[in-house]
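**Q** Take a look at the following structure, please.
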Amino acid sequence: MWCAGEDVDSFNPEVTSMATAKEVIQTAKTLVENITVDDAPLEQVKRISLGKNMDMELVGTSYLNDFLVPNLYFHLTTAYNILRLNGVDIGKKDFMINLAPHVQLIKAP
C-alpha cells in the first residue's frame, strides 16, 4: 500500500467465489484499519500501472482523491448493481449504511 511504502499494485486478488470475496473484503478492511502514517507520503510521486502497457505518475493526494476514491465508489456501485441484478434483497439503506448512526426517530406531535 502506498502509505506503507509498498508497491501500489500489491493488493490485487483473484476473486472467483463469494467465500473468496468475503476473505478479500476482510483482508482489505484489516489493511486499512492498520494504516499508520504521517502526511509525508502524500507528497511523494508514485508510478501506478494501469495494465496494457500503460501507467501514470501521481502525487499521493491526487492518487487518493482522483484515483482511489472514485475507484472505490465505482466498484461499490458495480457490486451493488450485480447483487441486485441477481436477486439479492439490497437497497439504498444497505449502500448508505454509514449514515445509520445519524438517523433519528421523529416523535409524532
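**Q** Do the conditions hold for Ala100, that is, is it surrounded by 10 or more Cβ atoms within 10 Å (Cβ to Cβ) and small (Gly, Ala, Ser)?
**A** Spelling it out, it is not the case that Ala100 is surrounded by 10 or more Cβ atoms within 10 Å (Cβ to Cβ) and small (Gly, Ala, Ser).
**Q** Just to be sure, is Lys52 closer than 21 Å to Leu76 by Cβ and charged (D, E, K, R)?
**A** no
**Q** Still on this structure, please answer the following. With the requirement that a residue be loosely packed, with under 12 Cβ neighbours inside 10 Å, in a helix (DSSP H, G or I) and among the basic types (Lys, Arg), what does the range 50-97 give you?
**A** If the condition is that a residue be loosely packed, with under 12 Cβ neighbours inside 10 Å, in a helix (DSSP H, G or I) and among the basic types (Lys, Arg), then Lys92, Lys93 are the ones that fit.
**Q** Given the conditions (1) surrounded by fewer than 12 Cβ atoms within 10 Å (Cβ to Cβ); (2) in contact (Cβ under 8 Å) with a residue 24 or more places away in the chain, which single one is not true for Val32?
**A** Every condition holds for Val32 apart from (2).
Laboratory data are not the source of any read-out in this text; all were calculated from the coordinates shown. The model shown is predicted, which means the values in this text are computed figures rather than measured ones. Cβ sites come from the backbone with ideal geometry, for glycine too, and all protein chains shown count toward neighbours.
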